[in-house]
1. When DSSP assigns beta bridges and you keep just the ones with both residues in region 1-143, what percent turn out antiparallel, to the nearest 5?
2. Using θ = phi - 60° and the Karplus curve 6.51 cos²θ - 1.76 cosθ + 1.60, what whole-Hz ³J(HN,Hα) does each residue of region 24-35 get, with Gly and Pro shown as x?
3. May I ask which of LYS101/LYS259; LYS101/LYS313; LYS138/LYS358 have a Cα-Cα span longer than 32 Å here?
4. Using DSSP to call loops (not H, G, I, E or B), can you name the chymotrypsin sites (Phe, Trp or Tyr not before Pro) in region 391-456 whose Cβ has at most 14 other Cβ atoms within 10 angstrom?
5. Once you have a ≥ b ≥ c as the square roots of the Cα gyration tensor eigenvalues for region 2-180, tell me rounded if a/c is under 1.5, and otherwise prolate or oblate according to whether a/b is larger than b/c.
6. Report the calculated FRET efficiency for THR175 and HIS478 (r = Cβ-Cβ distance, R0 = 45 Å), to the nearest 0.05.
7. Calculate, in nm to one decimal, what THR423 and GLU187 gain on full extension: separation in residues at 0.36 nm each, minus their alpha carbon distance.
8. What's the Cα-based Rg to Rh of the chain, Rh via Kirkwood?
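The values are calculated or read from the model by the stated rules, or taken from the named source; none is laboratory data. In this text the structure is predicted, and so the values were computed from the model without any measurement. Backbone-built Cβ (ideal geometry, glycine too); neighbour counts: all protein chains shown. Ligands, DNA and RNA are stripped out before the accessible areas are found, and what is left, the full protein with its side chains, is counted by its heavy atoms. Shrake-Rupley method; radii C 1.70, N 1.55, O 1.52, S 1.80 Å.
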Amino acid sequence: MTIRTVETKPFEGQKPGTSGLRKKVVVFQQPNYLENFVQSIFESLEGFRGQTLVLGGDGRFYNRHAVQVILRMAAANGFGRVLVGRGGILSTPAASCVIRKYGAFGGIVLSASHNPGGPQEDFGIKYNIGNGGPAPEKVTEAIHARSRAIEFYTTLEADDVDLDRQGTVQVGDMTVEVIDPVADYAELMETLFDFDAIAEMFATGEFRMCYDAMHAVTGPYAVEILERRLGAPGGTVINGVPLEDFGGHHPDPNLAHAKKLVEIVNAADGPDFGAASDGDGDRNMIIGHRFYVTPSDSLAVIAANAALAPGYKDGLAGIARSMPTSQAADRVARDLGIPCFETPTGWKFFGTLLDAGKATVCGEESFGTGSDHVREKDGLWAVLMWLNIIARRRDSVAEIVRAHWRRYGRNIYSRHDYEGLETDAAEGLMDHLRKATGSLPGQRFGYYEVEKSDDFSYTDPVDGSTSSGQGVRVLFNHGSRIVYRLSGTGTEGATLRVYIERFEPDETRHDMDPQQALADLIDIARELAEIGPRTGRDAPTVIT
Ligand code: G16
């Protein structure tokens with residue numbers, strides 16, 4: 001087979017965001033666009049000749065085509081072996097699991113996560129390093145720099161690989177193994193959780209759950225683990241067939257996009273437990289019967305109860321959360337006498353802490369939770385952790401969370417998203433806030449007084465690298481906060497995220513609706529950022 005060197009020209013904007021390069025499919029379909037980025041990845045790596053690459057994605061439109069392109073390019077660039085999920089499928093946490101288990105050099109994950117899929121929608125690609133986690137900024141910056149100077153890419157003249165047949169084939173000098181995308185991951189989950197206790201709970205018939213795979217990648221994983229291995233009744237998993245366009249929906253597990261699940265669980269005779277995952281299976285939403293658990297609370301509850309799961313019975317080394325995530329987990333860490341790390345948004349920032357054994361459990365307000373078992377957040381892991389906790393405590397989701405609040409107090413929390421803003425207006429608003437940080441401390445807004453305000457900057461305690469400009473924080477007395485940042489995962493315009501938090505120690509007020517409990521802070525947040533005048537919006541698009 002012949003290696004071909006193809007002349008090309010750089011494309012503007014091949015800059016990885018919070019999690020890889022995400023663009024509209026039509027952008028990726030431009031001749032050489034995908035190839036340029038893949039070549040830029042390869043040229044930013046050293047020492048991969050003859051090594052193993054893991055490859056797979058969430059099955060969205062363009063996934064299969066991209067897999068074939070990357071296989072030919074990996075062969076031409078000198079990889080020795082590629083492990084690719086059958087059908088081109090690997091959930092993001094499963095890709096991380098496979099990279100680690102087989103000691104691969106790294107992996108390429110094809111996904112735009114919770115963004116919609118289809119010919120007019122989004123596609124994405126990211127590189128994961130040998131620890132199974134997203135490439136750190138120094139690698140993504142190198143990829144971007146390479147993409148701006150690229151002149152050639154290399155590929156092999158070879159036929160497509162049959163992705164639907166498990167087994168081994170040669171592509172030039174490179175071996176391609178088409179592997180079961182679920183088996184390694186399911187096996188890992190069995191080592192972490194008390195499958196017997198969970199199976200027993202399902203066997204009683206008294207505990208019912210509904211899992212919404214949102215027609216995205218976790219369908220086959222959830223059916224195998226929940227229905228086959230744990231014996232949950234058939235039909236526990238809904239929307240379980242992965243579709244290239246996710247059935248036309250946003251595969252985003254939140255109250256706005258997982259409406260059907262919420263309806264099912266909230267029905268009078270609804271199940272006890274509901275959960276959903278996103279496009280690539282790394283996010284999760286947890287709900288109980290008529291009870292929504294915020295991702296921040298979920299992290300705190302998981303951290304406080306992790307020792308009930310066999311994989312965590314010796315306790316946690318530490319907890320890590322992204323800066324905008326509520327401070328509920330900090331209270332658990334304090335109680336356990338372990339450190340709590342506050343990192344910028346993006347799972348990649350947890351990698352060094354997990355590798356160094358400084359943190360065991362991590363979480364983000366953006367519906368991400370996970371642990372040191374892989375180096376990605378992991379939707380089904382969180383679901384299994386909750387099942388394990390429920391099976392051991394024999395309490396409902398609502399009882400578990402309320403008991404948690406009674407013990408630690410409640411960090412009442414909400415995120416307001418303003419989507420589809422004009423980029424200039426959104427950036428202007430952030431500039432305005434950054435400038436204001438200096439003069440805010442000491443200012444009073446009714447009950448609230450600003451104690452500190454800054455643009456969050458983080459120095460990694462393991463490798464010393466610094467990341468600045470990670471979001472404007474306004475920290476008030478009594479632990480209340482407002483945080484502002486622009487989303488790094490969108491593909492159109494800009495999305496402003498406003499995170500609002502207040503601590504409530506008084507148990508009689510724990511059942512308050514967060515929007516009411518936070519009403520004053522929400523007004524302050526709009527006023528400080530001049531959201532109305534600068535964006536023309538009088539209300540957020542999504543509230544979670
Ligand atoms: C990605 C990252 C997450 C991060 C989220 C934030 O999630 O992997 O670690 O919290 O983006 O998104 P934004 O920048 O839009 O607030 P995912 O699930 O999209 O890969």
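1. Roughly 50 percent of the DSSP beta bridges within region 1-143 come out antiparallel.
2. Rounded to whole hertz, the list is 4, 4, 4, 5, 5, 7, 4, x, 6, 4, 5, 4.
3. LYS101/LYS259
4. Here the sparse-neighbourhood loop sites are TYR447.
5. rounded
6. FRET efficiency, THR175 to HIS478: 0.15.
7. The span from THR423 to GLU187 would gain 80.5 nm if fully extended.
8. Here the Rg-to-Rh quotient is 0.96.
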